[in-house]
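Read-outs throughout are calculated quantities, based only on the coordinates presented, and are distinct from any laboratory measurement. It should be emphasised that the depicted structure is a prediction, and the values quoted were computed from it without experimental measurement. Positions of Cβ are backbone-derived with ideal geometry, glycine not excepted, and every protein chain shown enters the neighbour counts.
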Ligand SMILES: NC(=O)c1ccc[n+]([C@@H]2O[C@H](COP(=O)([O-])OP(=O)(O)OC[C@H]3O[C@@H](n4cnc5c(N)ncnc54)[C@H](OP(=O)(O)O)[C@@H]3O)[C@@H](O)[C@H]2O)c1
């Protein structure tokens, strides 16, 4: 349970960061920057736990030095205990909220599922940027959160924190989602844009890696896995249809040459890696693959790191969310917004 600041009776929440890479570091910087806005909402917080594969499980229930954490520095000025496992860590840190931002395992969602389960069982809210737990354990974790009176939230998992899940949950009650299509993977979109500008596939991939968009091992993006996992997350949560990754027809962009991509654009129908979902009776037909889109289609204009999703519902025939040039701060914002939702009841 959160302590209260004696002078103001504002509750101070203990935050535990699991994974301390791009996303959770950006989150710490954002928590620091948005402290006045949080205080206006009667929310104070401190980081009491940080854990990664290499660092182990570090906890200090009195709070860690947020300025050095914001600089990405853990060990220099911190004092902490080392816990043996996730449960001991959450206990030593007196965790109120777990921010789970470890690497995605698209095929099992582990060990993130076990970590989120542990947090919820110990009555902490669980907030994740990791798509794996949604695709592989959404129903279980949602039910567990409800049973414990806590929140399991994941706005940062798709489109970097743009409000999608919260839009449907909070602002579109009783709307029936018939299907959607979109461009949900920025690495492939950057590569296709660079190929249109004259690079071949390998050069375009290298450029995407140089600007920090593509992973060192970019096969998850290139082969369409990342987009397929996002499709599975949206279908599972927004359409209420559990879907396995092998039920999504998937093709990557590895078969496209610079010549083919440039010819398509010159002919007025550029290639995009398009995600498509349509309801079919009780289920859905879902696919990810390269498609040529006419310039009359708004998706054809979404270039570089930008992304878009276009929903078809029973009330709104077309409702689109476009996100232009997101950065890691937007992902961190998705987690911050979830934190405010979770502790605001
Ligand atoms: N970057 C983005 O803009 C973005 C956007 C949306 C969603 N996401 C998702 O957010 C998550 C984090 O992304 P990121 O860019 O921050 O990744 P990252 O920079 O690679 O950092 C991953 C962190 O997770 C830790 N980690 C990995 N496996 C672990 C395990 N089994 N136990 C404990 N710690 C573990 C790593 O620790 P070690 O270094 O010690 O191994 C590292 O600190 C991913 O699931 C990603 O798909 C990222």
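Ordered by the count of other Cβ atoms within 10 Å of each Cβ, fewest first, 211, 66, 127 give 211, 66, 127. Model label points for residue 267 and residue 169, set 7 angstrom from Cα along the Cα-to-Cβ axis, are 4.4 nm apart. Shape analysis of the chain based on the Cα gyration tensor places the equivalent ellipsoid semi-axes at 37, 23, 18 Å, largest first.
Counting only DSSP beta bridges with both residues in the chain, the antiparallel share comes to about 65 percent. Shown here are the Rg and Dmax of the Cα trace of the range 171-243, at 15.6, 47 Å. In plain terms, the residue of 9, 58 with the fewest other Cβ atoms within 10 Å comes first and the most crowded comes last, giving 9, 58.
The calculated P(r) of the range 171-325, using every Cα pair and 5 Å bins from 0, goes 2, 10, 19, 22, 19, 14, 9, 5, 2, 0 in percent. Length gained on full extension, residue 114 to residue 143, computed as 0.36 nm times the residue gap minus the Cα-Cα distance: 9.0 nm. For residue 215 and residue 279, a Förster radius of 56 Å and the Cβ-Cβ distance give a FRET efficiency of 0.95, rounded to the nearest 0.05. I'd like the distance between the alpha-carbon centres of the range 122-173 and the range 89-120, rounded to an integer number of Å. The two parts, judged by their Cα centres, are 13 Å apart. Taking only the Cα atoms of the range 52-141, the ratio Rg/Rh comes out at 0.98, with Rh defined as the Kirkwood radius. Debye-formula intensities of the range 1-118, expressed as log10 I(q)/I(0) at q = 0.12 Å⁻¹, are -0.42 (one equal scatterer per alpha-carbon, no solvent). Modelled label positions at residue 123 and residue 325, each set 7 Å beyond Cα in the direction of Cβ, lie 4.7 nm from each other. Return one number: the angle in degrees, 0 to 90 and rounded to the nearest 10, between the long axis of the Cα atoms of helix 22-33 and the longest principal axis of the Cα atoms of the chain. The angle comes out at about 60 degrees.
Against the chain, whose longest principal axis comes from its Cα atoms, helix 201-210 is set at around 20 degrees.
Kirkwood hydrodynamic radius computed over the range 64-222 comes to 18.5 Å, based on all pairs of distinct alpha carbons. Between residue 257 and residue 245, the modelled labels are 3.1 nm apart [label points 7 Å from Cα along Cα→Cβ].
Relative to the longest principal axis of the Cα atoms of the chain, helix 132-148 runs at roughly 40 degrees.
Based only on other Cβ atoms within 10 Å, what is the fewest-to-most ordering of 107, 115, 220?
Exposure proxy ranking, most exposed first: 107, 220, 115.
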